[in-house]
Amino acid sequence: MLVMKFGGASVANPTCFHKIAKIIALRLREENLPIVVVISAMSGVTDQLLSQAMQVHPNPPKRELDMLISVGERVSIALLAMALSLEGIDGLSFTGSQSGIITDERHSDARIVDVKPHRILPVLKEGKVAIIAGFQGVSRKGEITTLGRGGSDTTAVALAAALMADRVDFYKDVDGIYETDPKQSHTAKKMDILSYGQAKAIAQGGAKVLHLRSIELAEKNGIQLRVRSFDSPERVGTLVGNLGRIESVRFENEQ
């Protein structure tokens with residue numbers, strides 16, 4: 001089982017979905033594993049939705065705001081399913097709630113408390129790619145929630161834990177994690193392997209390659225994280241963690 005996560009520059013515009021589909025097709029050929037893809041909203045879409053909300057209400061109700069901004073990821077999952085179809089790959093899109101991402105009641109900054117991927121498992125057994133909307137879930141009361149900063153990264157790791165996947169591959173606009181920002185320093189050194197502690201320290205220092213919440217959740221469940229380049233997916237990237245799987249799945253509300 002492999003979980004792949006695409007966001008940021010990899011979903012800059014609709015044409016990017018063709019490249020994502022080709023990367024997925026390549027991974028299917030190389031590894032011959034069931035694949036789950038978690039995807040974010042296209043670049044700028046969430047900000048546009050937030051701007052529209054503020055034009056209607058200066059302090060919109062958080063429940064309604066979640067209903068609105070969760071639309072962005074739903075657009076992405078449908079577009080990716082279409083792009084995969086052109087590659088001859090069967091992919092089915094699922095919202096966070098359809099995927100079984102269960103959260104607490106906090107709108108706009110919810111925490112994942114459980115994952116029940118009952119609808120995803122049959123799709124994977126049929127050899128299809130499951131495409132999941134990141135950043136969103138559903139509360140136990142049936143309300144749509146969003147996960148706040150780092151939400152899509154956290155979605156990918158939580159699904160990996162629930163599905164007993166060994167690794168999550170994150171496709172970014174850099175080819176790995178650097179000791180300093182490579183966009184600011186041409187001499188920045190790329191790190192080939194990092195411990196969870198090292199990766200957390202880099203995230204806490206302000207780096208935005210992987211969000212802290214996703215690293216913490218990966219550490220709890222012994223899931224490896226690999227950061228790879230969207231533009232050069234053949235590069236190895238940076239591997240975070242190399243631990244054996246622990247016996248029980250733990251989510252964000254558990255210490």
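Annotations
- Scope segment 180-191; condition touching a strand residue (DSSP E or B) at 6+ places or on another chain (Cβ under 6 Å) and part of a loop (DSSP other than H, G, I, E, B); matching residues: Ala188
- Flag if Gly100 is closer than 25 Å to Thr46 by Cα and either crowded, with 17+ Cβ neighbours inside 10 Å or touching a residue at least 40 places away in the same chain (Cβ under 8 Å) (or both): yes
- When restricted to residues that are surrounded by fewer than 20 Cβ atoms within 10 Å (Cβ to Cβ) and not β-branched (Val, Ile, Thr), segment 118-148 contains 15.
- Subset of segment 10-25 that is closer than 21 Å to Leu159 by Cβ and not hydroxyl-bearing (Ser, Thr, Tyr) - its residue that is surrounded by the fewest Cβ atoms within 10 Å (Cβ to Cβ): Ala25
- Residue in segment 63-76 that is at positive phi and either open to solvent by 40 Å² or more (accessible area, probe 1.4 Å) or under 18 Å from the mean Cα position of the chain (by Cα) (or both) present: no
- In the set Lys190, Lys116, only one residue is at pLDDT below 95 and not β-branched (Val, Ile, Thr); that residue is Lys190.
- Residue match in segment 165-173 (condition: touching a Lys or Arg at 6+ places or on another chain (Cβ under 6 Å), in a loop (DSSP other than H, G, I, E, B) and surrounded by fewer than 24 Cβ atoms within 10 Å (Cβ to Cβ)): no
- Restricting segment 201-218 to residues that are in a helix (DSSP H, G or I), within 17 Å of the chain's Cα centre (by Cα) and not aliphatic (A, V, I, L, M), the residue that is surrounded by the most Cβ atoms within 10 Å (Cβ to Cβ) is Ser214.
The values are calculated or read from the model by the stated rules, or taken from the named source; none is laboratory data. As the structure is a prediction and not an experimental result, all values here were calculated from the model. Ideal geometry is used to build each Cβ from the backbone, glycine not excepted, and the neighbour counts take in all protein chains shown. SASA here: full protein model, heavy atoms, side chains in, ligands and nucleic acids out. Shrake-Rupley method; radii C 1.70, N 1.55, O 1.52, S 1.80 Å.
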